[in-house]
Amino acid sequence: MTQQQAKALADALTQRFGGDAELEPVNDRGRYRFAITSKQFESMTQMQRQDEVWKVADQTMSRDAILDVSMILAFAPADLPTMH
Amino acid sequence: MRTVAERRFDDAEELGKTGDNARANGVAYLVGFVIEILLKAKLIEKFHQIAIKRQHAVKDDEREIWLLVWKRHDLDDMLSRMAELEAALKKKGERDGYDYPADLKKLCATWTIQARYSSRTMLMNEAAQLLERVRKLKELLK
């Protein structure tokens, strides 16, 4: 996928879940890994989060481009360690 | 490696049978490990000549593959090196009416977070669902 397509998915994830979405390329092969942190995930199991984020990917991406979605990590704020 | 994967899956199943929520994270970790082993086995098949080298003999352009096989746990990076595997999963999925590539990526993401970041204790019914999804997928990765 293009960087533009990747950004479109990141924006769609942010629009759907709020919070922050990030993306990074995976080994220069047109693949991207995404991470979204949202309080909405606090009440969801890991697989529920995955099913919800991939619904957004299905709605946003073409059938070809979606194969270049390497992974979508879905964090609740409490999942992430706090630096003191 | 495939035998190891089956043994770890059996371990996960036995742990799951306890029904003890305190063991649920263990079940989730083991089934994710099953996927990792099977992906590494596929990488070794595809990149055999690189995988059999000792680390000091690996060339610069081979290093990433070698590290993925022997040192790293980036499941999605492993999968990205095997487009033919993903294409085969996609084709099978179109026949079965099931999105196997997406399901595999969901499992990889779940394992990544659960194994490395989450202090949250999973419940056994959630771990049992992971077990069933991996039961289906592992047969396609052999």
May I ask you to list the residues in region A:1-42 that are open to solvent by 30 Å² or more (accessible area, probe 1.4 Å), polar (S, T, N, Q) and at pLDDT 90 or above? A:2, A:3, A:4, A:5, A:14, A:15, A:37, A:40
Yes/no for residue A:74 being surrounded by 19 or more Cβ atoms within 10 Å (Cβ to Cβ), within 12 Å of the chain's Cα centre (by Cα) and not polar (S, T, N, Q): yes
Of the conditions (1) over 30 Å from residue B:120 (Cβ atoms); (2) buried (at least 18 other Cβ atoms within 10 Å of the Cβ), residue B:45 clears all except one; give me its number. (2)
Condition set within 13 Å of the chain's Cα centre (by Cα) and open to solvent by less than 50 Å² (accessible area, probe 1.4 Å), scope region B:53-79, selection farthest from the other protein chains (Cβ to nearest Cβ): answer is B:69
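To keep it simple, each residue is scored yes or no on (1) touching a helix residue (DSSP H, G or I) at 6+ places or on another chain (Cβ under 7 Å); (2) in contact (Cβ under 8 Å) with a residue 60 or more places away in the chain.
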| position | (1), (2) |
| --- | --- |
| A:3 | no, no |
| A:17 | yes, no |
| A:21 | yes, no |
| A:33 | yes, no |
| A:49 | yes, no |
| A:52 | no, no |
| A:61 | yes, yes |
Looking at (1) over 30 Å from residue B:21 (Cα atoms); (2) surrounded by 21 or more Cβ atoms within 10 Å (Cβ to Cβ), find the lone condition where residue B:106 falls short. (1)
Strands (runs of 3 or more DSSP E) wholly in chain A with at least 1 residues that are more than 10 Å from every other protein chain (Cβ to nearest Cβ) - which ones? A:20-26, A:31-37
Being in contact with a Leu (Cβ under 8 Å, 6 or more places away or on another chain), more than 18 Å from residue A:72 (Cβ to Cβ) and modelled with pLDDT under 90 is the filter here, so list the residues in region B:89-142 that pass it. B:142
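The values are calculated or read from the model by the stated rules, or taken from the named source; none is laboratory data. Small disclaimer: the values here were computed from a predicted structure and weren't measured. With ideal geometry, Cβ positions are generated from the backbone for all residues, glycine too; neighbour counts draw on all protein chains shown. Keep in mind that these areas ignore ligands, DNA and RNA; they rest on the heavy atoms of the full protein, side chains included. Shrake-Rupley method; radii C 1.70, N 1.55, O 1.52, S 1.80 Å.
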